[in-house]
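Participant: Encoded as structure tokens, here's the structure I'll be asking about.
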Amino acid sequence: MSSFRILSTGSYAPNNIVTNSQLSEMLDTTDQWIQQRVGICQRHISVSETTSDMAAKAAENALQNSGVRPEDLDMIICATITAEYRSPNLACMVQKKLGASCPAMDVNCACSSFIYALDTAAGFFARGTVRHILVIGAERLSSIVDWKDRSTAVIFGDGAGAVLLGTGDNYLASVLNAAGNDEIIKIPDQPENSFISMKGQETFQFAVKSICADLQTVIRKAGLQPEDIDYIIPHQANSRIIEFAQKRLNIPAEKFCMNIKNYGNTSSASIPMLLDELNRSGKLEQGDKIALCAFGGGLSSGACIITW
Amino acid sequence: MIFEKLRDLIVEHTDADPESVRPSTQFIDLGIDSLDTVEMIMQLEEELGVELEFDEKVTTVGELVNLIEKRLRELKK
């Protein structure tokens with residue numbers, strides 16, 4: 001069945017960088033603790049840019065050299081949990097900023113949103129009703145972080161990544177999972193509390209198990225072997241999660257891509273931001289098999305394999 | 001039995017001298033943090049073929065051994 005291929009990528013992170021040392025001035029934490037526990041050195045934090053500002057910049061960045069204009073888009077799908085409004089959704093705000101006129105919708109599966117959004121896009125391509133879809137992961141997580149809570153404040157960052165999809169056969173296989181649970185990861189939406197809370201050990205366990213199971217499933221579904229995969233782009237939640245999953249899967253560490261050191265955990269934005277970084281560095285070659293995987297609140301998880 | 005298995009895992013994780021790992025040993029003194037503990041629990045789950053989920057905080061080797069043994073007894077029932 002026909003699916004899509006990635007025509008171009010883009011990303012954007014706010015200029016304002018907050019280092020671990022800056023955080024340790026306002027919280028009871030240290031640079032060493034943060035680096036050891038989560039593998040983060042700095043994060044980009046928006047001062048005044050909204051989620052749609054960042055999303056639109058990543059989108060423009062992706063469209064720039066593609067030859068595809070905003071008016072050529074058949075759909076915009078945004079993966080986010082931090083849109084600036086409940087309504088309009090983020091995708092409509094991006095549509096407005098780009099000057100596009102296509103349908104626009106959001107997907108909310110917390111940190112797994114980008115995988116869910118790609119799979120949603122694949123469905124429209126399979127039906128043959130679209131030629132270009134822009135899928136964007138964008139988050140302003142600094143708006144849902146309690147800056148007095150040292151266990152979460154050090155983890156998250158802001159940013160956006162975008163992929164422009166066109167018709168093709170490069171989406172090889174996917175898997176999506178959900179297991180409803182509001183104990184382990186939660187962002188309430190109440191006037192008195194809208195901050196993210198997480199149980200660290202349970203999240204770690206869920207994440208490692210999800211990465212291992214989802215990657216194994218999706219590699220098998222694609223009719224491939226682990227050694228056929230050139231790069232794995234996992235959601236950048238915590239370097240320790242990625243390293244432990246890598247050990248359990250016994251796949252060489254150099255195939256697991258990471259940039260959490262510079263951006264922190266940007267939820268739905270982490271995978272497209274990292275994909276853009278790899279693309280722009282010239283690392284990806286045509287025909288490379290790339291596995292993406294994500295996990296997070298919901299609880300939700302998912303993975304897919306794309307041919308570059 | 002669980003103590004010996006856990007001690008082997010700790011040695012594998014930290015290169016600690018097996019003699020220095022006792023039930024009263026604090027994880028923090030071995031340089032083991034809460035995520036290392038989860039890693040070891042997950043490795044034990046695989047070895048023992050059981051799910052060992054619990055959210056109690058443990059600070060010593062003996063406390064973790066007791067929790068795992070308690071969980072194993074519950075699973076047997």
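The values are calculated or read from the model by the stated rules, or taken from the named source; none is laboratory data. What you see is a predicted model; the values in this text were computed from it and never measured. Positions of Cβ are backbone-derived with ideal geometry, glycine not excepted, and every protein chain shown enters the neighbour counts. Side chains are part of the model used for accessible areas, which takes the heavy atoms of the whole protein and leaves out ligands, DNA and RNA. Shrake-Rupley method; radii C 1.70, N 1.55, O 1.52, S 1.80 Å.
Participant: For A:GLN64 paired with B:SER34, estimate the spin-label separation in nm (one decimal), with each label point 7 Å from Cα along the Cα-to-Cβ line.
Facilitator: Inter-label distance under the simple model: 4.1 nm.
Participant: Still on this structure, I have one more. What shape does chain B take by its C-alpha gyration tensor, where a ≥ b ≥ c are the square roots of the eigenvalues and a/c under 1.5 counts as rounded, a/b above b/c as prolate, and the rest as oblate?
Facilitator: prolate
Participant: Within 10 Å, at most 10 other Cβ atoms, and a DSSP state outside H, G, I, E, B define an exposed site. Report the longest part of chain A free of exposed GluC sites (Glu not before Pro).
Facilitator: Details: sites that count: A:GLU183, A:GLU192, A:GLU285.
Formally, the longest exposed-site-free interval is A:1-182.
Participant: So, one more: Hey, which lysines would be in cross-link range of A:LYS186, C-alpha to C-alpha under 26 Å, not counting anything within fewer than 8 residues on its own chain?
Facilitator: Output for A:LYS186: A:LYS148, A:LYS199, A:LYS209, A:LYS261, B:LYS57.
Participant: Could I ask something else about it? Loop-only trypsin sites (Lys or Arg not before Pro) in region A:220-303, please: DSSP not H, G, I, E or B, and at most 16 other Cβ atoms within 10 Å.
Facilitator: In loop regions of region A:220-303 (DSSP not H, G, I, E or B), the sparsely surrounded trypsin sites (Lys or Arg not before Pro) are A:LYS283.
Participant: Give the distance, in whole Å, between the Cα centre of region A:36-61 and the Cα centre of region B:1-50.
Facilitator: 38
Participant: Something else about it: Give the Kirkwood hydrodynamic radius (Å, one decimal) of region A:61-118, defined as one over the mean of 1/r across all pairs of different Cα atoms.
Facilitator: 11.9
Participant: Give the shape of region A:8-48 as rounded, prolate or oblate, defined through the alpha-carbon gyration tensor: a ≥ b ≥ c are the square roots of its eigenvalues, a/c under 1.5 means rounded, and otherwise the shape is prolate if a/b is larger than b/c and oblate if not.
Facilitator: The shape class here is oblate.
Participant: Determine the shape class of region A:1-83: with a ≥ b ≥ c the square roots of the Cα gyration tensor eigenvalues, call it rounded for a/c under 1.5, and otherwise prolate if a/b is greater than b/c, oblate otherwise.
Facilitator: Details: a/c = 3.05, a/b = 2.30, b/c = 1.33.
Prolate shape, in that a/c is at least 1.5 and a/b is the bigger ratio.
Participant: Also, I was wondering about something else. Buried accessible area for the B:A pair, summed, 1.4 Å probe, in Å² rounded to 100?
Facilitator: Protein heavy atoms only, the B-A interface buries about 1400 Å².
Participant: Specify the angular offset, from 0 to 90 degrees and rounded to the nearest 10, of the alpha carbon long axis of helix B:34-48 from the longest principal axis of the alpha carbons in chain B.
Facilitator: 50
Participant: Between A:LYS148 and A:ARG127, what's the calculated FRET efficiency when r is the beta-carbon distance and R0 is 35 Å? Round to 0.05.
Facilitator: In this case the efficiency is close to 0.15.
Participant: Once you place label points 7 Å from the Cα toward the Cβ at B:HIS13 and A:SER101, how far apart are they in nm?
Facilitator: Here the answer is 6.0 nm between the modelled labels.
Participant: Multiply the residue gap between A:GLN22 and A:SER87 by 0.36 nm, knock off their C-alpha separation, and tell me the result in nm, one decimal place.
Facilitator: Stretched out fully, the A:GLN22 to A:SER87 stretch lengthens by 19.9 nm.
Participant: Counting only heavy atoms of the protein chains, get the accessible area per residue of chain B (1.4 Å probe) and round it to a whole Å² value.
Facilitator: With the other protein chains kept in place, chain B gives 58 Å² per residue.
Participant: Name the residues of region A:162-208 whose accessible area falls by at least 50 Å² when all protein chains are present instead of the chain alone, probe 1.4 Å?
Facilitator: Output list: A:GLN201, A:PHE204, A:GLN205.
Participant: May I ask you to compute the full-extension gain from A:ASP189 to A:THR217, defined as 0.36 nm times their residue separation minus their alpha-carbon distance, rounded to one decimal in nm?
Facilitator: 6.7 nm is the gain from fully extending A:ASP189 to A:THR217.
Participant: A:ASP230 versus A:CYS41, label points 7 Å from Cα toward the beta carbon: distance in nm?
Facilitator: 2.7
Participant: Still on this model: Taking beta carbons within 10 Å but only from partner chains, what does the mean come to for residues A:234-241? List each step's numbers first, then the result.
Facilitator: Working: counts 0, 0, 0, 0, 1, 0, 5, 2.
The per-residue average across the peptide is 1.
Participant: Then there is this: Where does helix B:2-14 land angle-wise versus the long Cα axis of chain B, in degrees 0 to 90, nearest 10?
Facilitator: With rounding to tens, the tilt is 40 degrees.
Participant: Now, a different point. Between A:ARG248 and A:GLU71, take the C-beta separation as r, use R0 = 35 Å, and let me know the FRET efficiency to the nearest 0.05.
Facilitator: Details: r = 47 Å, r/R0 = 1.34.
FRET efficiency, A:ARG248 to A:GLU71: 0.15.
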